[in-house]
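One structure is given here, and the rest of the page talks about it.
What follows is calculated from the coordinates using simple rules that are stated; it is not laboratory data. These numbers were taken from a predicted model, which means no experiment stands behind them. So basically every Cβ, Gly included, is an ideal-geometry build from the backbone, and we count neighbours across all protein chains shown.
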Amino acid sequence: MAEEKEQKKELAPELKERLKAGFDLEWRKEMRRAIPVKERMKIPRRKMPEREPEERNRDFEEVNLGLSREDAVLEAQRCLDCANPQCVLGCPVAIDIPGFVKLIEKGEFEAGGRKLKETNSLPAICGRVCPQETQCEEICTLKKSTGVSVAIGNLERFAADFERGSGDVFIPDLSPSTGKKVAVIGGGPAGLTVAGEMVKRGHRVTIFEALHISGGVLVYGIPEFRLPKAILKAEVDYLCRLGVEVRTNFVVGKTATLDDLKAQGYQAFFVGVGAGLPNFMKIPGENLIGVYSANEYLTRVNLMKAYDFPNYDTPVILSKRAAVIGGGNVAMDSVRIARRLGAERAMIIYRRSRHEMPAREEEVKHAEEEGIEFHFLTVPTRYIADDKGRVKAMECLRMELGEPDASGRRRPVPVAGSEFISEVDMVVCAIGQSPNPLLIQTTPGLKVGKWGNIDVDWKTMATSLPGVYAGGDIIRGGATVILAMGDGRVAAEEMDRFLKPLP
Amino acid sequence: MAKVLQRQRLVPNIHWLELQAPEVAVKCQPGQFVILMPDERGERIPLTIADWDPQRGTVSVVFMCVGTSTHKLSLLKPGDEIPVFVGPLGRPSEIKNFGTVICAGGCFGIAAIHPIARALKAAGNRVVTLLDVKANYLLYWEDKLRAVSDSLHVSARDEFFETGDYIPRKLESLLEQEKDASLVVAIGCTYLMYRCAEATKPKGVRTTVSLNPIMVDGTGMCGACRVTVGGQTKFACVDGPDFDGHQVDWDELFARRKSYGEEEIRSMCAWEKDVYP
């Protein structure tokens, strides 16, 4: 996206100062002297302990086990504590990465966790789901010199888990109460971030969540084996302890409109309703029994716990030969779930090649280890039914890569005459999500872009309605948790500014 | 969370459930539905809103026991709380003065058609109501519907009633009598709505049905409730639930509603073991 790249060419001067202040601390200077750069560069990157693939692909326990304390310290030692930390530039919310990493090296793990929380309200989550390999770790100085970056994501997870596990969760001082009411619509990553920021600034915050559990994609999209729900619950509980009110089973636009909330005294609004509109390919047979949108498949399994049917009442098809169409994180999650639910053949059908797959590197690696089949340069053209209207096979077409398209990736071009039939008993369509239109349809005056996303001023997250801000997937289409959080932070600052002059 | 105020069995296997839901109660419009979850392990299921009282802050639904979720609902007592009661969802029914409207409701659809008939009557329509039941002892809310209709008819495959006839034939003969009828609204099981739409098609009378596909979230997020209407894919939860009955791909809807036939049986067996040890 062009807009974000514009925003992050340079570290903001105030951030530069803060980073320098940390850099200049006595203990940081001493620590740099204690181990010379050449020594640091010799330490091999610590491996994240993982459960065995053939064992973990049968259950929903978390795959990554977390660095040990010793490994965390060693990994932190690899960080060169650059005077001009490029990693911070790579982070969508500009976490003081050397700041927290060096605290880990020092052995002050909880302090590292707190340092993270100064910028990132959901560090235990980001440490697990951020595509670090395209963000902080891609631009890491150590990577430039040795080819292998500091494992920043693993360290973030370590510090955040430590702080949470210590039972001594730090409750910051809140600003004096402003008495002003803020409505956060959508309890996903963007909304949770805004809520946290606004309550710390003394405002009265209510999160309005349509589902019965907050979290958005964090609860219905990302599976337990990548992000344990207990972590999410801890984060939401933390917000409630700060004073945020969470109202679930509340669909703004249906249960109440934005105007209704205004009449109830809410003065600033954040719309973080997400990209909850599934994209289908619009090919024949897409409405057959057994063809799911990824949203439905994931919601049944992750939110409604269909993997524990019939203890939980919501069923999901237990496929033996599953085809998941797509190459992003949602596709990876879907296909790995299918495998865990008993699929003998769990297949990814992707129209480009491995190199173009947008999924997080670690997820692709884990999927390969778990026995997922990858069929690249392939697209389905139609689904074939049995006599009961259930999918029993799909017809596919081979592709080859042509010229790059608007996203910069090479465009797939069909290979004539390459059609073939493949037996499947379930299909999950994971080709992307678009912004959910429900709130937009019931809020006149809210300007919307060509793809159904809410139009915002990218510097302020302000929408066309005064006092109404938006962020996350609703403005971007399906993107990442960290970008949603970044939007939330920007919006919160602007909303605070907006509220100041109001009575 | 919503608190149960009352639950009554209206007729065998059909229950009326009234809950405290003040926010939903002030927003309800005819034709809309709610999504409920009977307990923490339950499914999210849609039920058409049967009635509401904004002053008392109450909303009521009527359901038929067909599986685990509805059986769980049928055991609720006053004071019980259910973890999910969200709404009002869906687009409200179109209410205006059409002239003469035939409101057809069968089984649980009798309750669902009530708020629509009432609103149409209030909008100045001549409301001709037709209720369908399998047998005479399954008829309920006759007086409630009579109170909002200009005339009330019952069709049932039961000699207790004047014509032992299934709803489509009764509907055809009504259309013969009510030459001015410009709209038919039919709510009930999929088969009833399909048969009603088929019956009115040759006469070219606009027929609105309230489609009942399987749902999960109810806010347009998952696509479970997708139906094909006029050759296009629509989501019943946000584009409906009302659709033009003559444009619906009924075969597809019948098939999709059977997606979990075997699982439903497994679930009931497992639940019965818990409830009747």
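A few points about this structure:
- Calculated [222 nm] ellipticity per residue, helices only, for chain B: -8000 deg cm²/dmol; basis is -39500 (n - 2.57) per DSSP H run with n ≥ 4, divided by all residues, nearest 500.
- As a proxy for reagent exposure, ranking B:SER69, A:SER422, B:SER259 by other Cβ atoms within 10 Å from fewest up yields A:SER422, B:SER259, B:SER69.
- Protection proxy ranking, peptides A:141-151, A:312-322, average beta carbon neighbours within 10 Å, highest first: A:312-322, A:141-151
- Listed by Cβ neighbour count within 10 Å, with the fewest neighbours leading, B:VAL229, B:VAL216 appear as B:VAL229, B:VAL216.
- Relative to the longest principal axis of the Cα atoms of chain B, the long axis of helix B:190-200 makes an angle of roughly 10 degrees.
- Taking all pairs of distinct alpha-carbon atoms in the stretch A:280-431, Kirkwood radius in angstrom: 15.7 Å
- Separation of alpha-carbon centers, the stretch A:381-417 and the stretch B:3-43, rounded to whole Å: 44 Å
- Cα-derived Rg to Rh of the stretch A:2-165, Kirkwood definition: 0.97
- Here's how it looks for A:LEU277: its modeled amide H is under 5 Å from those of A:SER434, A:ASN436, which are all 5 or more places away or on a different chain.
- The aspartates and glutamates whose alpha-carbon is closer than 12 Å to the alpha-carbon of A:LYS143, local same-chain residues fewer than 8 away aside, are A:GLU133.
- Extending 7 Å from the Cα toward the beta-carbon at both A:ARG45 and B:GLN177 defines two label points whose distance is 8.0 nm.
- Legend: residue pairs A:LYS320/B:LYS72; A:LYS181/A:LYS450; B:LYS96/B:LYS134; A:LYS16/A:LYS115; A:LYS47/A:LYS106, Cα-Cα distance threshold 22 Å; pairs beyond threshold, A:LYS320/B:LYS72; A:LYS181/A:LYS450; B:LYS96/B:LYS134.
- With both residues required to sit in the protein assembly as shown, DSSP beta bridges show an antiparallel share near 50%.
- Shielding score for B:31-39, defined as the mean number of other chain Cβ atoms within 10 Å: 2
- Test item: B:219-231 mean partner chain Cβ contacts at 10 Å: 6
- For peptides A:183-196, B:88-101, sequence by mean Cβ density within 10 Å, most packed first: A:183-196, B:88-101
- DSSP H segments from chain A that extend 30 Å or more along their own axis, Cα-based, with Kyte-Doolittle mean of 1.0 or above: none
- On Cα atoms only, tilt of B:261-275 relative to the major axis of chain B in degrees: 50 degrees
- P(r) of the stretch A:346-503 over all Cα-Cα pairs, binned every 5 Å from zero, in whole percent: 2, 7, 12, 13, 14, 13, 11, 10, 8, 5, 2, 1, 1, 0
- Of all DSSP-defined beta bridges confined to chain B, some 60% are antiparallel rather than parallel.
- Paired Rg and Dmax values of the protein assembly as shown, which use every Cα atom, in angstrom: 28.4, 100
- Using alpha-carbon coordinates, inclination of helix B:167-177 to the longest axis of chain B, degrees: 30 degrees
- Applying a DSSP loop filter and a limit of 14 other Cβ atoms within 10 Å to the GluC sites (Glu not before Pro) in the stretch B:107-206 leaves B:GLU159, B:GLU162.
- Counting Cβ atoms of other protein chains within 10 Å of each Cβ in A:278-288 and taking the mean gives 3.
- Ranked by how many other beta carbons lie within 10 Å on average, peptides A:265-273, A:443-451, A:480-488, A:116-124 from highest: A:480-488, A:265-273, A:116-124, A:443-451
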